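Let me begin by presenting the structure, written as structure tokens, before commenting on it.
The values are calculated or read from the model by the stated rules, or taken from the named source; none is laboratory data. The structure displayed is predicted, hence computed values, not measured ones. Counting neighbours? That spans all protein chains shown, and the Cβs are built from the backbone with ideal geometry, glycine included. Quick note on the areas: whole protein, heavy atoms, side chains included, nothing else; ligands and nucleic acids left out. Shrake-Rupley method; radii C 1.70, N 1.55, O 1.52, S 1.80 Å.
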Amino acid sequence: MKCVSISGERSFVLKERDIPVSKDGSVVIEVKSCGICGSDIHYWESGMPVGLVMGHEFAGIVVDPGSRKDLEKGDRVTGLPISPCGKCEACRSGNVQYCADTWSEAVGLALTNPGGYSKYTSCRPDMVRKIPGNVSFDAACMVEPSAVALHAVNLANIKIGDSVLIVGGGIIGLMSAEFAKLAGASYIAILETNKKRGRKAVSYGKINEYFDATKEDVIPNLITKTNGGFDKVIECCGSSSAVSEALMAVEPGGTVVLVGVSLGPVTIPIVVSVMREVTVQGAIAYTPYEFDTCLKLIRDKKINVTKYIDDLVPLELAQESFERLTSGKDSAVKIIMKP
């Protein structure tokens, strides 16, 4: 089968590999849609690990149900790409996202478990979810990033009337705005370096105002706008500048949730968080409950995820799509691969 794998820094190669077979009861899936994730971009930029077939936001058709007796060939499915042990304290408490084994065999994130940047992939049977009949493959592959955003908003504990700043206008930031609005936020702003993305973010209808992160006076303007700082800030970039801006823009005693991931060290003005007693909360992935909640919200049309999809592309355009998403000049938020 045809697949796309990392071949070096900011480089992909299109190649052939064997079609996966069911092992340990895994479900083999013909991929119909697979989203490009921000973490995928980090791997691509670093060029490591060479040979990795990414793609953990997938949806498709069952070709081998494995050990799942309730599945048949032809069923439409998506799935959680994670691989928790199910035995540790984190798993027993329902917080599988920080189980030590969660990422060891994760779909599209481990060399031993190639993901959806290919015609076929496989997923642990207990992580596979049926797609409701009114949900498209494109919408179904958006469940995973939506769950990441829902988890961040839940950790932020946003209340009715809160002011919320989203740092970064990618899909996680935009979906965080969706859930912040559902939670009752009265004012939501976005901080973004890409002017096209920033203006576009407001057009979706959940964000009240865009602020240009490249402006020297942006932090004073944000503080003035909120009369002292935002109640909650959700940081979705992972860079030193983004995290620093998040800490400076939150009110004293406020909460910053860090969703953005950096593969390298990040430098921040810790004195700001210390002197103002800012709560800094890390956020990784989601719980199975949050994943299932997002699938239900999409099914019930409580959230519209397909409006964020900018393009549908074949595997042959993977390189071009990643370059587009990292150019800083394109307004694209979400590109879906169609193997």
* Under 17 Å from the Cα of Lys159 - aspartates and glutamates, other chains or at least 8 residues apart -> Glu178, Asp231, Glu251
* Asked: So which GluC sites (Glu not before Pro) in the range 204-308 are both in a DSSP loop and have at most 11 other Cβ atoms within 10 Å of their Cβ?
  -> Glu216, Glu277
* To do: Could you check which residue among Ala147, Ala100, Ala285 shows the biggest mean-square fluctuation in a GNM of the chain with a 10 Å Cα cutoff?
  => Ala100
* Counting other Cβ atoms within 10 Å of each Cβ, which trypsin sites (Lys or Arg not before Pro) in the range 61-105 have at most 14 and sit in a DSSP loop? -> Lys69, Lys73, Lys87
* To do: For Met48, list long-range residues whose amide hydrogen, built 1.01 Å from N in the peptide plane, is under 5 Å from its own amide hydrogen.
  => none
* For the chain, what is the calculated [θ] at 222 nm in deg cm²/dmol (nearest 500), taking -39500 (n - 2.57) for each run of four or more DSSP H residues and dividing by its residue count? -> -8000 deg cm²/dmol
* Structure fact -> Among beta bridges assigned by DSSP with both residues in the chain, the antiparallel ones amount in percent, to the nearest 5, to 50
* **the chain - accessible surface per residue (Å², probe 1.4 Å)** => 42
* **trypsin sites (Lys or Arg not before Pro) restricted to the range 130-198 and DSSP loop, no more than 12 other C-beta within 10 Å** => Lys159
* Structure fact -> Quick calc: nm separation of the 7 Å Cα→Cβ label points for Val266 and Met48 -> 1.9
* What is the distance in Å between the Cα centres of the range 190-230 and the range 122-138? -> 36
* Asked: For the chain, what does the equivalent ellipsoid look like in terms of its semi-axes, each the square root of 5 times an eigenvalue of the Cα gyration tensor, given largest first in whole Å?
  -> 34, 21, 19
* Which whole-number percent is the relative contact order of the range 118-253 (Cα, under 8 Å, 6+ apart)? -> 23
* Asked: Shape of the range 234-328 from its Cα gyration tensor (a ≥ b ≥ c, root eigenvalues): rounded if a/c is under 1.5, otherwise prolate when a/b > b/c, or oblate?
  -> oblate
* Going by a ≥ b ≥ c, the root eigenvalues of the Cα gyration tensor, does the range 40-153 fall in the rounded group (a/c under 1.5), the prolate group (a/b larger than b/c) or the oblate group? -> rounded
* Links that overshoot a 24 Å alpha carbon limit, given the list Lys23/Lys73; Lys69/Lys296; Lys15/Lys196 -> Lys15/Lys196
* Structure fact -> Across Val250, Val274, Val218, the residue with the highest GNM fluctuation in the chain (Cα network, 10 Å cutoff) is Val274
* Asked: So if R0 is 35 Å, what FRET efficiency would Ala100 and Val218 give, r being the distance between their Cβ atoms, rounded to the nearest 0.05?
  -> 0.35
* **Euclidean distance between Cα centres, the range 289-337 to the range 240-268, Å** => 25
* Relative contact order of the chain, pairs being alpha-carbon contacts under 8 Å that are 6 or more residues apart, as % -> 18
* Structure fact -> Taking a crude spin-label model, label points 7 Å out from Cα along the C-beta direction, the Glu323 to Lys2 distance in nm is 1.9
* Asked: If the cut-off is 16 Å between C-alpha atoms, which aspartates and glutamates fall inside it for Lys32, apart from same-chain ones fewer than 8 positions away?
  -> Glu57, Asp64, Asp75, Asp138, Glu144, Asp311, Glu316
* Going by the alpha-carbon gyration tensor, a ≥ b ≥ c the square roots of its eigenvalues, is the range 276-329 rounded (a/c under 1.5) or, if a/c is not under 1.5, prolate (a/b greater than b/c) versus oblate? -> oblate
* Asked: Want the number for Lys73 to Lys195: 0.36 nm per residue separation, take away the alpha-carbon distance, what's left?
  -> 39.4 nm
